[in-house]
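The values are calculated or read from the model by the stated rules, or taken from the named source; none is laboratory data. Predicted model only: the values in this text are computed from it and were never measured. We place every Cβ from the backbone using ideal geometry, glycine too, and count neighbours over all the protein chains shown.
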Amino acid sequence: MLHEFGEPNLTTSIWLEFAGSAYVLGDFAKQFAVSGLQLSKQKFELGITKALALIAWIAQDNGLEKGASIALGVVLPWREYKDRRAFEDQLCLQVQNYIFRGQSVGYQLDLFTCYPEGWGVLNNMMFSEGLNNAAVWMWGFRDTTVLWAANRQREGSTEPWGFRRFIERFQERARLPICDAQEVEIDELYLARVLGSVTSLEPEQLRSHLSPLVSGLSVLYQEDALTQLCEQYERIYQLYFQDAISVFERNTPQHIERIIPCGGTAWLYRSLLNEYLKQKPGVQQSWATQQERAVMDTFGKKVVKAEGLQYRLDDPMGIFGLVRAQVKHRQPSAGGLKVAR
């Protein structure tokens, strides 16, 4: 069963304990001044805590008792895919017994399967459309990943060129106003939320999205400061796009016939991506529309479109389909952990 993970009781009150340490997640972490993007850690390191939290929350929401059997599908960036064994070993160990919101929980991981990021989209597209070769351009917050498949061969590459690079440049060049009257601290996490909400370069919309960044200034200076920020945003927006495209291109084989963009940052750059890919000779371009529709049907169009979730969850939706098929068709294990790869 799929669930919406954005409900207040989840994001504002998540804490858990395992392996002798306590962890707080989401908005709740802000109360302890320990929240942050934690970009220095790899996804598989952070994934253990998030996976345990989500497993317990979904289990409790569905009335599953301690010791219930579960199946789990995971995606990791290509460069971390080799570490899936370490992730699996730790998860299998910790999921059996831990504390979630002060309550002892534990589950039997009956099926664990891990795929490289982008495979949920790529596999579904190649199967449904009978493609011989194709590549996914996965454009997220942390990384850019190219995953391609051809002639039963699967390869990929991951580079740290996600949306955080845009944020870093904006911080460096935009000269964000600093004043005591600013209601919120303009740190990287806050910038990620503000800049990631921009869906149009139309002047009035852009000014509306960026206005919180100058809210602490005197009214006399806000207009000029906002105008400068908007000008810098447009410049950095174009430059970052060009650099990211160069990264995607150098990691994409020449023989690829279909390119499928996905990920939250791809959503922000959808218009430019469509325009660019239409001009590539001998290459077709398409989005994972089938999985995007499935995301909207599951979570509701209003919620999905407001957050661009159809582009963030299209890959997990594909993985969910693969895991569900394995659960339906595999033979029950003879009393023990069954791992599918």
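Kindly evaluate Phe241 against the criterion of being under 23 Å from Ile167 (Cα atoms), surrounded by fewer than 21 Cβ atoms within 10 Å (Cβ to Cβ) and not charged (D, E, K, R). So Phe241 passes the test. All conditions but one from (1) farther than 30 Å from Arg250 by Cβ; (2) assigned to a strand (DSSP E or B) apply to Gly156; the one that does not is (1). Candidates Asp224, Asp243: the one that is out of contact with any strand residue (DSSP E or B) (no Cβ under 9 Å at 6 or more places or on another chain) and without any contact (Cβ under 8 Å) to a residue 24 or more places away in the chain is Asp224.
Here's the yes/no breakdown for (1) assigned to a loop (DSSP other than H, G, I, E, B); (2) among the charged types (D, E, K, R); (3) modelled with pLDDT under 85; (4) within 30 Å of Ala225 (Cβ to Cβ):
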| residue | (1), (2), (3), (4) |
| --- | --- |
| Val121 | no, no, no, no |
| Arg165 | no, yes, no, yes |
| Phe170 | no, no, no, yes |
| Cys179 | yes, no, yes, yes |
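Looking only at segment 301-327, residues that are outside any helix (DSSP H, G or I) and without any contact (Cβ under 8 Å) to a residue 24 or more places away in the chain come to 1 in all. Taking the criterion of being surrounded by 22 or more Cβ atoms within 10 Å (Cβ to Cβ) and in a strand (DSSP E or B), would at least one residue in segment 52-67 satisfy it? Within segment 52-67, not a single residue is surrounded by 22 or more Cβ atoms within 10 Å (Cβ to Cβ) and in a strand (DSSP E or B).
The requirement of being assigned by TED's automatic domain parsing to the domain that holds Arg173 and buried (at least 18 other Cβ atoms within 10 Å of the Cβ) is satisfied by Leu226. From Val105, Val95, Val74, which residue is aliphatic (A, V, I, L, M) and under 20 Å from the mean Cα position of the chain (by Cα)? Sole residue among the options that is aliphatic (A, V, I, L, M) and under 20 Å from the mean Cα position of the chain (by Cα): Val74.
In the set Arg270, Arg258, which member is modelled with pLDDT of 90 or more, under 19 Å from the mean Cα position of the chain (by Cα) and among the basic types (Lys, Arg)? Being modelled with pLDDT of 90 or more, under 19 Å from the mean Cα position of the chain (by Cα) and among the basic types (Lys, Arg) holds for just one of Arg270, Arg258, which is Arg270. For segment 115-171, a residue qualifies if it is basic (Lys, Arg) and farther than 21 Å from Leu313 by Cα, and the qualifying residues are Arg152, Arg154, Arg165, Arg169.
For segment 252-285, a residue qualifies if it is of a type outside the set (A, V, I, L, M, F, W, C), under 18 Å from Phe163 (Cα atoms) and not in a helix (DSSP H, G or I), and the qualifying residues are Pro261, Gly263, Tyr269.
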